[in-house]
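First comes the structure, then the notes that go with it.
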Amino acid sequence: MKKLFLKRSIIIVLIVILLLTFSLVGYFLFKPCEHQWVDATCESPQICSLCDETEGTKLEHQWADATCETAVTCTLCDEVAGNPLGHKWQDATCEKAKECLVCGKIEGGPLGHTWENATYTKPKTCTNCGETSGSALVKPSNNSSSSNNNSSGNSNTNSGATKDYAKCLICGNRTSRSQTNYCSSHDCMVSSCPYPAKNAVGAWGSYCEFHGCHQSGCLSYPIGGTDYCGAHGFED
């Protein structure tokens, strides 16, 4: 009897151990996952980093409009679709730089005016845009030659009293007198005449087209109230 009881006791203990073992294994095998969720993206829904279980749906792209330099772009995932619009440039002018009409981007700088000196028919004019500055030159009266000669002594005195002169329209140096726009190298030799010499692009020493000999290329002064110098006084 004692042996039989001992065998039964051992069998019961073994059964209990087996049941406990299976219970523990089953608990750990079938224990619910304590999910560690990773946020949803435009490409995938919310997903558990431990068991890969998903929940919900993926996000929708939030598209930002294309610009001159960037294509349509998702603000959530930075995915790009299409191409940039590209700039629409307005050419630079004398006073404004090259500019995109779409986004306002500036490139480079203004061209700057290219001035052409004033003449007797038109004021100083920009050859790029046609803008004008000041007014056309005024032709001297018929008796300007004699009046200018008579006032030569006063001219020197007045020029000395004038402190601030403009710049020569040809070379940029200081003007010789307050009545002219040209320096001593480029003004008419007649005192107080406001016009440039006929050879204004060359060296000093000639008269303007009104006070000089009317012979083409001659830089001399007319004589005897005529339009020509002594060398050309008999020209037809």
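Assorted remarks:
- Selection within the range 185-236 - in contact with a Gly (Cβ under 6 Å, 6 or more places away or on another chain) and either at pLDDT 80 or above or of a type in the set (K, R) (or both): K198
- Filter pass, G82 being farther than 30 Å from C129 by Cβ and at pLDDT 90 or above: yes
- If the condition is being in a loop (DSSP other than H, G, I, E, B) and either out of contact with any Asp or Glu (no Cβ under 9 Å at 6 or more places or on another chain) or not aliphatic (A, V, I, L, M) (or both), then the range 97-107 contributes L101, V102, C103, G104, K105.
- Residues in the range 33-91 that are more than 23 Å from I106 (Cβ to Cβ) and among the β-branched types (V, I, T): V38, T41, I47, T54, T57, V72, T73, T75, V80.
- Top-ranked residue of the range 108-136 - restricted to ones that are assigned to a strand (DSSP E or B) and out of contact with any Phe, Trp or Tyr (no Cβ under 9 Å at 6 or more places or on another chain), ranked as nearest to E209 (Cα to Cα): E116
- Number of positions in the range 73-92 that are over 23 Å from H61 (Cα atoms) and either under 10 Å from the mean Cα position of the chain (by Cα) or acidic (D, E) (or both): 2
The values are calculated or read from the model by the stated rules, or taken from the named source; none is laboratory data. As the structure is a prediction and not an experimental result, all values here were calculated from the model. Cβ coordinates were reconstructed from backbone atoms using ideal geometry, including for glycine residues, and neighbour counts include every protein chain displayed.
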